[in-house]
Every structure is written in C-alpha cells, then in structure tokens.
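The values are calculated or read from the model by the stated rules, or taken from the named source; none is laboratory data. For clarity, every value in this text was computed on a predicted model and none was experimentally measured. Please note: Cβ atoms are built from the backbone with ideal geometry, for glycine as well, and neighbour counts cover all protein chains shown. Note: areas computed on protein heavy atoms with side chains; ligands, DNA, RNA excluded. Shrake-Rupley method; radii C 1.70, N 1.55, O 1.52, S 1.80 Å.
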Amino acid sequence: MKKSDMKKQSGTDWARVDSLTDESIDYSDIPELGDDFFEKATFIPAKQLVTIRLDADVVEWLKRSGRGYQTRTNKILRAVMEAQERPGKKRAGAA
C-alpha cells in the first residue's frame, strides 16, 4: 500500500457497520463449512521477521529458482527441523 493511499478517506459508513449485530448480517451467500473442510485444514504458524546472515552462494542458489526464495528457505529449514524432531531420529551432533 502506498503512503498516498492512506490519505484517502474511506467511503465506508463505520457507524452503520459498528451498529450491526450478528443476527442482522446475511450469511446466506457463504457456504457452510462442513467436517470435511476441518479435517483437511492445516495450521499455518505466524511468520516472524528475522535478520540472518547466510553465505552468498547459498542465497544465490536459493534465488536461482526465482521468486519465493524466502518461502523455499523456510520450507527447507522446516523439513530439517521436523526430521530432527521425529521420535527415534538421532540428532546431528548428538552423542
């Protein structure tokens, strides 16, 4: 969002929105979520902004695949974390 966008006044009638009750809202055009939806649903943890120093060649390798290298980095780290947390799996460096 551009800084200039923040200067535009909203056309929303916030007083009317605030006065709405749950009972007065029409949800008829929204499909009901059944048990199958929740059985397939996955939890996505919140992201945390961090600064990390990586070797230049590692970053270049990640970027070579195109956009989304930070997401790929997260997936790689998650796979290593989950592999080390599996029961019976010996952790790297563990005696």
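Quick notes
- Estimated at the nearest 10 Å², the accessible area of Ser65 is 90 Å² with a 1.4 Å probe.
- Value of Rg to Rh for the chain, rounded to two decimals, is 1.16; Kirkwood radius and Rg both from alpha-carbon coordinates.
- Solvent exposure of the chain as accessible area per residue, Å², 1.4 Å probe: 104
- Largest GNM mean-square fluctuation among Arg67, Arg16, Arg53, using the chain with Cα springs under 10 Å: Arg16.
- 13 Å beta-carbon shell around Ile25, net charge (K/R +1, D/E -1): -4
- Residue range of the chain that is longest and free of chymotrypsin sites (Phe, Trp or Tyr not before Pro) which are both DSSP loop and sparsely packed (at most 12 other C-beta within 10 Å): 44-95
- Carbon + sulfur, % of accessible area of the chain - ligands and nucleic acids excluded, 1.4 Å: 54
- If you run the Gaussian network model on the chain, springs between alpha carbon atoms under 10 Å, then out of Asp18, Asp35, Asp57 the most flexible one is Asp18.
- A simple spin-label model places the labels of Lys8 and Asp36 4.0 nm from each other, with each point 7 Å out along Cα-to-Cβ.
- Among the GluC sites (Glu not before Pro) found in the range 16-56, those both in a DSSP coil and sparsely packed, with 10 or fewer other Cβ atoms within 10 Å of their Cβ, are Glu32.
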